[in-house]
1. In whole percent, and with a 1.4 Å probe on the protein chains, what portion of the accessible area of the protein assembly as shown is carbon and sulfur?
2. Can you give the Kirkwood hydrodynamic radius of chain A from its Cα pairs, in Å with one decimal?
3. If we sort B:78-86, A:489-497 on the protection proxy, mean other Cβ atoms within 10 Å, highest first, what's the order?
4. How much area per residue is accessible in chain A when the probe is 1.4 Å and only protein heavy atoms are counted (Å²)?
5. Give the cross-link partners of C:LYS106 among the lysines, using a straight C-alpha distance below 23 Å as the criterion and excluding same-chain residues fewer than 8 apart.
6. Using the Cα atoms of the range B:54-175, I'd like the radius of gyration and the largest Cα-Cα distance, Dmax, both in angstrom.
7. Using a 10 Å cut-off on Cβ to Cβ distances, tally the other chain neighbours for every residue of A:249-255 and report the average as a whole number.
8. Testing the spin-label approximation: label points 7 Å from Cα along Cα→Cβ at A:SER55 and C:ILE103. State their distance in nm.
Amino acid sequence: MTTTATPAQPKTEVPLLNVQVDGEWRQFPKGTRLIEACIKSGQYVPHYCYHPKLSSPGNCRMCLVQLGMPKLGADRKPELGEDGRPILNWSPRPAISCATEISEGMGVRTSGPLVEECRNGVMEFLLINHPLDCPICDQAGECRLQEFSVEYGKGESRFLEEKVKKPKRVDIGERIVLDDERCIMCSRCIRFMQEVAHDDVLGFVNRGSHTTLTVYPGKRLDNNYSLNTVDICPVGALTSKDFRFRMRVWFLKETKSIDVNCGTGSNILISSREGIVHRITPRENDFVNSCWMPDSHRLNFHYLHDEDRLKTPLVKSAPATWTDAISTAAAQLKSHEPARIAMIASARMTNEELFLARRLATALGIEQFDVLPRPQEGDGFLISNDGNPNTTGAKLLGLHCGGRLSAIAAGVASGAIRGLLVLGEDATQCGIAEGDLANLETLVVVDILPNKTTPHATVLLPASGFAEKRGSMINLAGRIQRLNRAISAPGLARDDWEILRDLIVAVGGPNGVYSIEEVFRAMAAETPALTGLSMAGIGDLGVELALDGAPRRAEI
Amino acid sequence: MAFVVQRPKLNLAEKLYLPAVLGGLLLTIRHFFKGAAGRNVTMQYPEVKWDDHLPEWYRGAPTLVADEWGRERCVSCQLCEFICPPRAITITPEEIPNSDPWAKVEKRPKEFEIDMIRCIYCGLCEEVCPEQAIYLRKDYSITGYTRAEMKHDKAKLYELGGVKAGVVNKWNEKK
Amino acid sequence: MDISSFLFQPSVFLIWTSLVKTLFILFGAILPLVSLAVFAERKVSAFIQDRVGPNRVGAPTSLVGFKKDYSLWGLGQMVADPIKLLLKENFIPKSVNKFYYYIAPKLTMIPPLLVLAVIPFGSSFLGVPMVIANVDIGILFVFAVSSLGVYGIVLAGWASNSKYPFLGGIRSSSQMISYELALGLSVVPIFLICGTLNLSQIVDWQVKNGWLIAPFAVGGGSLSLVQRVLLWIPMVISFVIFLVSMFAETNRTPFDLPEAEQELIGGYHTEYSSMGFALFFLGEYAAMIAGSGVIVTLFFGGWSLPFIPDGSSHWLFGLTNIPDWLPGVVWGFVNINVFFAKVSLFIFFFIWVRWTVPRFRYDQLMKLGWIYFFEIALANIFLAALVLVYIK
Ligand code: SF4
Ligand code: SF4
Ligand code: SF4
Ligand code: SF4
Ligand code: FES
């Protein structure tokens, strides 16, 4: 069901070539880079400049291997050995594996005296001018230079001369600091800006040991995808101002989740320590976001630790226990005719929450419920035109997207609606005037931060932010993906789905769900597009749904 | 495989047990008189102290040290925080502002706390520190009336640690 | 009728002198002795282990203006310990059976005190016999009452509603039942020899014929040397059995299985704190004192010491001139002190053994009680009877 494969290849048949990797013959499609062939065969080849999503300039020389070519007979045909395979002529000279494409009958050795000697030498060269910055370097702990020098390096320096001094702590962009002494000139960042971000601002100046990375005169690295260069920089040359000196990476717990800032649903890793999220980085998912994500989205998590976070249930602005708050909310909601209550949910909620919200609406007999649409200008890459991460899910679960908001607003204004249930939205953004909110008899609000609506709430229930809960969302492409809990919610705040479940029970609706898995199961049972899926079945990379009534496409 | 413990064969006197008891009683009474005569091994702690005999390698309270130019050696790399077995150390790093004379070091601890209730004086922090910034000095009588008092903050740690001169000063060589 | 003649009416006299004696025994002897024993326990154990022991708490003289405090070898600990126990919070676990939980420590403490009622702790002082109740069934009373002590422990173990006390209680009951038999049987030869159960008369017999543990030590009496040596054999056997059983009965090491710390936390008193715990403590040490008193009375001649006359038959109020009543007072006083000195020596012995001998295993304890002591004590009765028949 789930898969780690790359997106479906174009249907045209790619011929397979025979390659011998460390003595074993294997087949790879034509066009595969030699380093990829080695890695796919389970032979790791250390590398700095090679990146699977970027071109191969071959400028770090770390990926040196020994190449063998078929020995050609007099007829220019490969001579075959006893096993029927070509006899290989091993080159005495190493070759880089990242910029070499495989060819028929090629052989490669990823280890052996020659290769080891080469790696050793490359490491020594790379470290010649490298500063002893590890104690203050943010990359330490996830630094390829550290890792490879432990693995392949000499362990000591023979370099007695003065190291080349280069600029340090250079402010090259709004979100990025450059340390040129640490740069190993792999050019990944340059290629990323050229090939992926299409914003050519980085380049090398000077030659030899004095080669220096810099921004073009008059330009700055301010692109909304600039922080990806920090991710791919194999060393600590590029560092994020937001994360700089915040926390050492070895303390961070990484939680796989998804971005909730737009309908793309980029896959992310939430790095947290002891209840505090320190950074968010993109997670590779070739179906969604490849290896990248926009800066504006990855930096949008600090609100989770806002001092104003709602932490205690409030009944008429006075702190209350959860039991009291839930029963008060239920009593208030039930005191109105169903026709006089409305519900505003949010397409930022997970499927599970939306499903329970709909159940709550059913239990209360609410007819008027809607979610707030958030159309926006996308960037044509990873920021979609929809600011809601789960519009598809909301639609799938039978919530309207915007059609009824004006009717609700009018109802609230005219007094036809006396009770309003607002889940994770600011009602004033839905066309309801603040003054009208104050006139409502019942205003139950579930949210994580104060907004213009919360002061008027008769019952205010604090909920969880995206890093504090589990659940699933469906992106605009129809892929259902999982959120995971990285930290726990502050104070008394609870999981949204639990709040909704308790409200349903309190207004006399059905119970029977005690875990998010059970919510999903109940939801899948009622939603044809989700049939056969489970929370675990979604996997880390998500599952593409067939949303037009057709059966779900089996994944490759 | 079952393992059979061979019980020793006892002779009658041993079986009677009384001779052994009497032997034991004789032994203990000898110690009793020795003890009563004041020949015991106890050291009367607050009056008598071992301080002068503390060996060079004695591991007392961990402290932070400055170098001979007054620079705090710690660069807040948090390795000690990582290695500390009881997790006694809590470090909040910060960036050194550009105006600081030691701005090139870039990073320093904003707050450095060692919870002396937790610390087990193992010395791993000293061993792991790449900057030779944390040393276990000879203070062993770390007491306090409250838990808060037992948390040594940065100021207290530097007060206890003082200056450590003559070790590697790699930051001085850089431009 | 004036007040003095009222006081000297025989029945009234008996009542108030008994009261005075009881108060003396309780507050003048037992409580200080327990305190001292606890202190001695700590000090002796320290010395045996080459330590110093408590040596800080003394007279806080600087509080009343002196230059410095005097530690007095830590003797202040004797006062500090009980005060500490009194002032501690009396924590009562939620799940205990309140009534029995409350009553158990008292039940443990009372029997040893009752035992002391029949033990002659002196000859006579100012003409009053130094025994609270001179009953003819003396030693039977001792056994009857001291075996009640087990109820306190069993109840404590059961009422605490917790597994360690429960195990301690069970161990204690079986241990006490087992050793009571040997204890009782081992003293039967004494009655055969002395022909009485009355403890005062047993002491008198020893004053005349020499201590039972060493019947040839004193001259006089009606027995020849050979007869004494013959009698001595069953007496030594009796003594060893009685002594060891006494250790078991008082839950002292090497028989302290009911409160074996290493296995049972604190055993039956695990769930007790403050005064409840202190009463158990008191009971244990009082039992040790009572046990020592019984041993001293039965085997070591009670208050008597060779060549020291007793203080009886000198009546203060009848005699007006000093030389007539002074010896009675002096010797009576000496007799009392002799008794308590002997008791103290035994307490020391108890402590000494505790810090020497390791604890028995439970099966060893049971085997010793049932297979050896019971049989030997039984055989010993016949042996003593045969000796007596031969002598007479
Ligand atoms: S880039 Fe790597 S090797 Fe260089 S200072 Fe940073 S952590 Fe150390
Ligand atoms: S800054 Fe980093 S990514 Fe860019 S060239 Fe230098 S080492 Fe490579
Ligand atoms: S001495 Fe050991 S326990 Fe104490 S702070 Fe250092 S590493 Fe932690
Ligand atoms: S290991 Fe040394 S430099 Fe690093 S944080 Fe600890 S004391 Fe500071
Ligand atoms: S990875 Fe091949 S040259 Fe850099």
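1. Accessible surface attributable to carbon and sulfur in the protein assembly as shown totals 61 percent.
2. Evaluated over chain A, this radius sits at 26.7 Å.
3. Listed from highest to lowest mean packing, they are A:489-497, B:78-86.
4. Ligands and nucleic acids excluded, the figure is 42 Å² per residue.
5. Partners within reach: C:LYS21, C:LYS84, C:LYS88, C:LYS94, C:LYS98, C:LYS163.
6. My reading of the Cα-based Rg and Dmax gives 14.2, 47 Å.
7. If you average over the peptide's residues, the count of other-chain Cβ atoms is 1.
8. Label-label distance for A:SER55 and C:ILE103, simple model: 9.8 nm.
The values are calculated or read from the model by the stated rules, or taken from the named source; none is laboratory data. What you are looking at is a predicted structure, and each value in this text was computed from that prediction instead of being measured. No Cβ is skipped: glycine too gets one built from the backbone with ideal geometry, and neighbour counts run over all protein chains shown. Accessible surface is based on the protein model in full, side chains and every heavy atom, while ligands, DNA and RNA are left aside. Shrake-Rupley method; radii C 1.70, N 1.55, O 1.52, S 1.80 Å.
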